[in-house]
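Just below is one structure, and these are the notes that go with it.
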Amino acid sequence: MASVYFTTLITALLLVSSTQAKPQVEENAIVEELQKWAKEKLLGAIDELKKAEQDLKDTVTAALEKSRQELETEYASTLIEYHTHKEALHPKCFQDGLTYLTSYEPVDLPTPDEVFAVSTGTTTTPKPPNCVTEAIKDVGLMLYSVAKYIASILNTMDDIINGYTLCSQGAWYRKFTCLFSYVGTAVTDIYHTLAGIGELISDLTSLGEDMTKQIQNCTHPKKLEIRHQLLLALENAHKCTKLHR
């Protein structure tokens, strides 16, 4: 597609640049057509990339919310189960165990701001690592890659829009050589940019799928930890009760 477009533009430029009949008017029209085509392609690519980025955020957010709900449900069940032992425990011992359980934080998940913070791979104030924060660290790196790529697309578009002015002077054959190079570079840059967009969108999709699996893998051991807190609270409460009898 790009090669056909490139050939068409070069042929048109060759015809208008080698004629004396209002060449500048037709030349400007052809360049304007190139610039319009470039803007449509590049801005469309940015929209596609932003959509894929938002899809990644939605996927990770949904996975985190699912994990949060599962952990909160597990914790609620733990408190209910602990209360079933109330009659067998000394009041003070029961209350001590309940205080222990309610002071435990069952959900240790990052906030959206933490998850989707653009990261270059370094941080000056790293948090103590846990399963989920380790799992989602690649999200910030990916968002950084997206931001860099969008910036490069805008730079490419700026070069295409402003590059034509370099060909405005000189004899017709020099202008044609300049225009030939201008069009060729523009179309090639757009072709490579679009190819890179496809790869990056694929990476975003794959990362979303991987994050969903990793977050779910982190949820199971956290459930076991919640269960362990219940058993520990009950063990201590029963020991305490024996001392009060």
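Some points to look at:
- Looking only at the range 198-233, residues that are over 37 Å from the mean Cα position of the chain (by Cα) and buried (at least 18 other Cβ atoms within 10 Å of the Cβ) come to 2 in all.
- Residue match in the range 17-33 (condition: surrounded by 13 or more Cβ atoms within 10 Å (Cβ to Cβ) and at pLDDT 75 or above): yes
- Residues that are small (Gly, Ala, Ser), in contact with a helix residue (DSSP H, G or I) (Cβ under 8 Å, 6 or more places away or on another chain) and surrounded by 15 or more Cβ atoms within 10 Å (Cβ to Cβ) occur in the range 155-171; there is at least one.
- Hey, residue 194 in contact with a Leu (Cβ under 6 Å, 6 or more places away or on another chain), modelled with pLDDT under 90 and either in a helix (DSSP H, G or I) or more than 28 Å from residue 62 (Cβ to Cβ) (or both) or not: no
- Search result, residues across the range 84-107 that are within 22 Å of residue 69 (Cα to Cα) and in contact with a His (Cβ under 7 Å, 6 or more places away or on another chain): none
- Any hit, the range 60-75, residues being at pLDDT below 75 and at negative phi: no
- Residue 158 vs. criteria more than 30 Å from residue 81 (Cβ to Cβ) and without any contact (Cβ under 8 Å) to a residue 12 or more places away in the chain: yes
- Of residues in the range 54-77 being touching a residue at least 60 places away in the same chain (Cβ under 8 Å) and farther than 30 Å from residue 146 by Cα, the one surrounded by the fewest Cβ atoms within 10 Å (Cβ to Cβ): 70
- Taken over the range 138-179, the residue count meeting the criterion of being hydroxyl-bearing (Ser, Thr, Tyr) and modelled with pLDDT under 85 is 5.
- Qualifying positions in the range 79-137 - at pLDDT 80 or above, over 21 Å from the mean Cα position of the chain (by Cα) and outside any helix (DSSP H, G or I): 84, 85, 89, 90, 104, 105, 106, 107, 108
- Among the residues of the range 108-119, those identified as hydrophobic (A, V, I, L, M, F, W, C) and surrounded by 15 or more Cβ atoms within 10 Å (Cβ to Cβ) are 109, 115, 116.
The values are calculated or read from the model by the stated rules, or taken from the named source; none is laboratory data. Just so you know, these numbers come straight off a predicted model, no measurement behind them. Note: ideal-geometry Cβ built from the backbone for every residue, glycine included; neighbour counts use all protein chains shown.
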